[in-house]
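Trainee: Have a look at this one.
The values are calculated or read from the model by the stated rules, or taken from the named source; none is laboratory data. Everything quoted here is computed from the prediction, not taken from an experiment. Cβ sites come from the backbone with ideal geometry, for glycine too, and all protein chains shown count toward neighbours.
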């Protein structure tokens, strides 16, 4: 596994621990009202066309620079596949992934209880709270420490329904421990742009992220 870093500022950023792999949830369509166009982000690509903001193009995700944070990609060396997209800072990290979703539905409402059940089955807990983007999960997930002991890692999992996509964000560090004082991290999440594409995909299928140079070649 290789970490590819895109720094906005020249100073080094301390390493931030990554969250354990999240459950492979079974995504099913939930009948609901159509997703309303977002006015506070994250945005669909169609909402930001021509706005002049320079973003890093990762295919399904377009990431704007965020003050004091660097963009990190975890890339499989053998296949060149981007396996994780993360914004990392001195006090925490934000990992994001987009999924295909039904045009009219609440995919986050469908997968949220599945995530809760999976975490509970692993000896952790995930409680719902209402936040800036709607219902989110405050999680405590068992992880193995370097010394072999087991501890609980706190995280916040946020799901946001868009236009035929769902964005899942996992916050680690301070923004997970102190959600009421994490507006700066939530602002960074709000600037994320999703490019769904027109290709038909199964509901719940991850939208592929690619390296920036690959994105330029396929445009």
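Trainee: Would you please name the residue that is surrounded by the most Cβ atoms within 10 Å (Cβ to Cβ), looking only at residues in segment 172-181 that are in contact with a strand residue (DSSP E or B) (Cβ under 7 Å, 6 or more places away or on another chain) and without any contact (Cβ under 8 Å) to a residue 60 or more places away in the chain?
Mentor: 179
Trainee: Let me ask you something else. Among the residues of segment 44-57, is there at least one that is under 28 Å from residue 153 (Cα atoms) and either assigned to a loop (DSSP other than H, G, I, E, B) or at pLDDT 95 or above (or both)?
Mentor: Within segment 44-57, not a single residue is under 28 Å from residue 153 (Cα atoms) and either assigned to a loop (DSSP other than H, G, I, E, B) or at pLDDT 95 or above (or both).
Trainee: Please work out if residue 85 is touching a residue at least 60 places away in the same chain (Cβ under 8 Å) and part of a helix (DSSP H, G or I).
Mentor: Taking the combined requirement at face value, the residue does not satisfy it.
Trainee: Which residues, counting only those in segment 132-165, are more than 15 Å from residue 95 (Cβ to Cβ) and in a strand (DSSP E or B)?
Mentor: Those that are more than 15 Å from residue 95 (Cβ to Cβ) and in a strand (DSSP E or B): 134, 135, 138, 140, 142, 144, 150, 151, 152, 161, 165.
Trainee: Follow-up question, since we're still on this one. Restricting attention to segment 110-124, report how many residues are at pLDDT below 95 and farther than 23 Å from residue 150 by Cβ.
Mentor: The total comes to 0.
Trainee: Answer yes or no: is there a residue in segment 68-80 that is surrounded by fewer than 19 Cβ atoms within 10 Å (Cβ to Cβ), touching a residue at least 12 places away in the same chain (Cβ under 8 Å), under 21 Å from residue 189 (Cα atoms) and over 18 Å from the mean Cα position of the chain (by Cα).
Mentor: Yes, some residue in segment 68-80 is surrounded by fewer than 19 Cβ atoms within 10 Å (Cβ to Cβ), touching a residue at least 12 places away in the same chain (Cβ under 8 Å), under 21 Å from residue 189 (Cα atoms) and over 18 Å from the mean Cα position of the chain (by Cα).
Trainee: Among 112, 196, which is the only one that is part of a helix (DSSP H, G or I) and either under 30 Å from residue 52 (Cβ atoms) or out of contact with any helix residue (DSSP H, G or I) (no Cβ under 7 Å at 6 or more places or on another chain) (or both)?
Mentor: The match here is 112.
Each row is one residue, and each column tells you yes or no for (1) farther than 23 Å from residue 187 by Cα; (2) touching a strand residue (DSSP E or B) at 6+ places or on another chain (Cβ under 6 Å); (3) crowded, with 22+ Cβ neighbours inside 10 Å.
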position: 89; (1), (2), (3): no, no, no
position: 97; (1), (2), (3): no, yes, no
position: 101; (1), (2), (3): yes, yes, yes
position: 108; (1), (2), (3): no, yes, yes
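Every residue, every condition in (1) modelled with pLDDT under 95; (2) surrounded by 16 or more Cβ atoms within 10 Å (Cβ to Cβ); (3) under 25 Å from residue 45 (Cβ atoms); (4) out of contact with any strand residue (DSSP E or B) (no Cβ under 7 Å at 6 or more places or on another chain), yes or no:
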| position | (1), (2), (3), (4) |
| --- | --- |
| 150 | yes, no, no, no |
| 185 | no, yes, yes, no |
| 192 | no, yes, yes, no |
| 205 | no, no, yes, no |
| 213 | yes, no, yes, yes |
| 219 | yes, no, yes, yes |
